[in-house]
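As structure tokens, the structure follows; a few thoughts come after it.
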Amino acid sequence: MIPTHQSERTKNTKVVVNRLSTLTEYDFSHPHRHEYFEFFCFVKGGGSHEIDFTHVPIQSYSMHIVAPGQVHCVRRDLDSNGFVFLFQLEGLQAPKEVAGFLFDHICHDLEERIPEYMVPADKQAWFETMLNSIWEDFNTNSSYSALQVRAGIQQLCLKCMEWDQQDSPLFSNDYAQFRRMLFEDFRTKKKVKDYAAALNVTEKSLNEMVKEHTGNSASRIIYNQIVLEAKRLLLTGISAKEAAYELGFDDPAHFSKFFKSQTGQSPSEFRNIHVEG
């Protein structure tokens, strides 16, 4: 089973900053997951970062966002450098636009969004200055240092949105409430009527709202969330039966039928291709 790493430091101090000058405890060469965000900022590149079993090259002046629940491993070259920020979403205390941008990384797989952001050439000096400022604030014993660290990371997120032309008003509407509920409850709630009842709206209203934001039905978004987590579990090498029970399916045969209807492959075929292939 892929290990899931927790951090008492992110719980106690809200935001943790590590410098990537030499290989650290966060340079895991084996796949693992986190219950918090990891925001990598690379000044000098080299190596590869595998996120949900997709290889993303570590380039100079780039940023990678790893969301809670994603499976990843870092294989940096020894002379690569930069910083990594560890935080819970609520601990960052970000405005709704930034919170929505980050939350999108939880909801989408890498076929929808590669979480890599390149720093434009004319902003690279600013990027290095910002990173060093955050590092200095993190290591300063000041009543304002935590606020300054959060503000710096939020600014980097805003730049990712600007440079990648991302518009993410996810937390500003009722759709956000649906997506948060889905992320938390998809193992126990798998039908549109379950979410409609919990949100105190009709199934028709929920479908209309979801379609307005995504172009898809509510059931499609629910199924996508289940399939995304199923893929992550299967890619750890566990059996289809284990994945079925982890996802709240009482009958492994029902899970296998559902997975094949959504992906065109049985769970075993998917796992064998991606784990052994």
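Looking at residue 246, is it outside the structural domain of residue 54 (by TED's automatic domain parsing), of a type in the set (Asp, Glu) and either more than 28 Å from residue 73 (Cα to Cα) or under 25 Å from the mean Cα position of the chain (by Cα) (or both)? Spelling it out, residue 246 is indeed outside the structural domain of residue 54 (by TED's automatic domain parsing), of a type in the set (Asp, Glu) and either more than 28 Å from residue 73 (Cα to Cα) or under 25 Å from the mean Cα position of the chain (by Cα) (or both). So, in the stretch 111-130, exactly how many residues are surrounded by 16 or more Cβ atoms within 10 Å (Cβ to Cβ) and under 21 Å from the mean Cα position of the chain (by Cα)? Going through the stretch 111-130 one residue at a time, the tally reaches 4.
Which one is nearest to residue 42 (Cα to Cα), of the residues in the stretch 99-139 that are among the β-branched types (Val, Ile, Thr) and modelled with pLDDT under 95? In this case the residue turns out to be 114.
Only a single criterion out of (1) surrounded by fewer than 16 Cβ atoms within 10 Å (Cβ to Cβ); (2) part of a helix (DSSP H, G or I); (3) touching a Lys or Arg at 6+ places or on another chain (Cβ under 9 Å) is not satisfied by residue 60, namely (2). The number of residues in the stretch 103-145 being in a helix (DSSP H, G or I), touching a Leu at 6+ places or on another chain (Cβ under 7 Å) and over 17 Å from residue 62 (Cβ atoms) comes to 2.
If I filter the stretch 86-109 for residues that are closer than 30 Å to residue 234 by Cβ and of a type in the set (Val, Ile, Thr), do I get at least one hit? Yes - at least one qualifying residue is present in the stretch 86-109. Within the stretch 210-217, is even one residue assigned to a helix (DSSP H, G or I) and within 18 Å of residue 97 (Cα to Cα)? Yes, that holds for at least one residue. Screening residue 213 with (1) of a type outside the set (Ser, Thr, Tyr); (2) touching a helix residue (DSSP H, G or I) at 6+ places or on another chain (Cβ under 8 Å); (3) surrounded by fewer than 15 Cβ atoms within 10 Å (Cβ to Cβ) gives one miss only, at (3). Does the stretch 171-188 contain at least one residue that is in a loop (DSSP other than H, G, I, E, B) and among the acidic types (Asp, Glu)? Checked the stretch 171-188: no residue is in a loop (DSSP other than H, G, I, E, B) and among the acidic types (Asp, Glu).
Among the conditions (1) in contact with a His (Cβ under 8 Å, 6 or more places away or on another chain); (2) at pLDDT below 95, the only one that residue 211 does not satisfy is (1). Within the stretch 217-236, residues that are touching a residue at least 40 places away in the same chain (Cβ under 8 Å) and not assigned by TED's automatic domain parsing to the domain that holds residue 105 reach partners that are crowded, with 21+ Cβ neighbours inside 10 Å and basic (Lys, Arg) with beta carbons closer than 6 Å, at six or more positions or on different chains, in the pairs 234/271. Just the residues that are modelled with pLDDT under 90, part of a strand (DSSP E or B) and out of contact with any Cys (no Cβ under 8 Å at 6 or more places or on another chain), please, taken from the stretch 15-38. 33, 34, listed by residue number.
Applying a threshold of 9 Å to beta carbon distances and a minimum spacing of six or more residues, or different chains, the list of pairs starting in the stretch 172-199 at a residue that is more than 15 Å from residue 223 (Cα to Cα) and ending at one that is of a type in the set (Lys, Arg) reads 172/96; 176/96; 196/204; 198/189. Annotation note: Cβ proximity below 8 Å between a residue of the stretch 256-272 that is outside the structural domain of residue 241 (by TED's automatic domain parsing) and a residue that is in a helix (DSSP H, G or I) and modelled with pLDDT of 95 or more (sequence gap 6+ or interchain) occurs for no pair.
The values are calculated or read from the model by the stated rules, or taken from the named source; none is laboratory data. Everything numeric here is computed off the predicted structure, so don't read it as measured data. So basically every Cβ, Gly included, is an ideal-geometry build from the backbone, and we count neighbours across all protein chains shown.
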